[in-house]
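Right, one structure below, let's go through it.
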Amino acid sequence: MAEIELLSYEACPYAQRTSMALIEKGIDFTLTEVDLYNKPEWFKQLSPYGKVPLLRHQGQIVYESRIINEYLEDAFPQRPLLPCDPIARAKARIWIEYCDNYFMPALHKMIADRKDDAKQMENRKAVAEKFKFMETEGLRKLGSGPYWLGNDVSLIDLQFMPFIERFPCYEALWSAAIPEDCTRLKQWIATMEGRESHKKTVSTFEFHMIRYRKYEQAA
Ligand SMILES: N[C@@H](CCC(=O)N[C@@H](CS)C(=O)NCC(=O)O)C(=O)O
């Protein structure tokens, strides 16, 4: 058993963020899959929110993907995934927060409004605006790529990537799209798709579609 245990669920994008961070940092870990549809009693006792990801290290637990990734950064400073400079660090955190508080809610709204065509038109526009903002305010201003912060992969890349991986389902089911002129964004996606941490954690389009179709069919 490795020093670190990650409690995960194969389809969970949040747990994928943490797997990617562990792989990027070269940290050995044990992956324990939890059946979220039939949660074992030990998991209910362990996980305050009843959610994955959850990390066990040195007799302690850490949960919430973003907090886990920052914990890994603090506890294992080798192969850093955040810059040292305080301003650059703050900027990285701004984008990490943007992912969860602006980008993902726009995606979640597409799921929530799946039966309402008028709202979906607005939602498609809102998602496109989020991508444009990421392109112009993020990728184009922060450096010359290929990653969010330039030459080195960072926690920002890992924060977004699992949701970008699932975006083709939003395209297929709800006609969402990445605007044509988001060229830096598209290059970044291609770069991330080639990254080992992504290749080791990626699931296929069909795998994701099985889950998204269930949303589509739900009342
Ligand atoms: N904010 C959490 C979200 C984690 C989350 O929603 N995980 C889902 C699986 S993708 C879960 O464990 N759901 C079980 C439940 O809500 O009962 C994070 O970033 O870690």
Would you pick out the residues in the range 130-169 that are hydroxyl-bearing (S, T, Y) and touching a Phe, Trp or Tyr at 6+ places or on another chain (Cβ under 8 Å)? Y147, S154
Looking at the range 25-34, can you tell me whether even one residue there is assigned to a helix (DSSP H, G or I), open to solvent by less than 20 Å² (accessible area, probe 1.4 Å) and under 16 Å from K199 (Cα atoms)? yes
Would you point out the residue of the range 1-15, among those that are part of a loop (DSSP other than H, G, I, E, B) and within 16 Å of the ligand (Cβ to nearest atom), that is nearest to the chain's Cα centre (by Cα)? C12
Identify the single condition in (1) surrounded by fewer than 18 Cβ atoms within 10 Å (Cβ to Cβ); (2) within 16 Å of the ligand (Cβ to nearest atom); (3) not in a helix (DSSP H, G or I) that L55 does not satisfy, given that it satisfies every other one. (1)
Name, by its number, the condition in (1) within 12 Å of the ligand (Cβ to nearest atom); (2) under 30 Å from V127 (Cβ atoms); (3) not in a loop (DSSP other than H, G, I, E, B) that does not hold for A88. (1)
Determine, yes or no, whether K39 is open to solvent by 80 Å² or more (accessible area, probe 1.4 Å), among the charged types (D, E, K, R) and either within 12 Å of the ligand (Cβ to nearest atom) or part of a helix (DSSP H, G or I) (or both). no
Count of the range 59-85 residues which are crowded, with 17+ Cβ neighbours inside 10 Å and part of a strand (DSSP E or B): 2
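Okay, residues lined up against (1) surrounded by 13 or more Cβ atoms within 10 Å (Cβ to Cβ); (2) modelled with pLDDT under 95:
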| position | (1), (2) |
| --- | --- |
| N101 | no, no |
| K115 | no, yes |
| K119 | yes, no |
| R124 | yes, no |
| F133 | yes, no |
| E137 | yes, no |
| R140 | yes, no |
Residues in the range 85-97: is at least one farther than 24 Å from Y147 by Cβ and either at pLDDT 95 or above or within 14 Å of the chain's Cα centre (by Cα) (or both)? no
Taking the residues in the range 174-219 that are aliphatic (A, V, I, L, M) and at pLDDT below 95 as candidates, determine which candidate is farthest from T18 (Cα to Cα). A219
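The values are calculated or read from the model by the stated rules, or taken from the named source; none is laboratory data. As the structure is a prediction and not an experimental result, all values here were calculated from the model. When we count neighbours, we look across all protein chains shown, and the Cβ atoms used for this are built from the backbone with ideal geometry, even at glycine. SASA here: full protein model, heavy atoms, side chains in, ligands and nucleic acids out. Shrake-Rupley method; radii C 1.70, N 1.55, O 1.52, S 1.80 Å.
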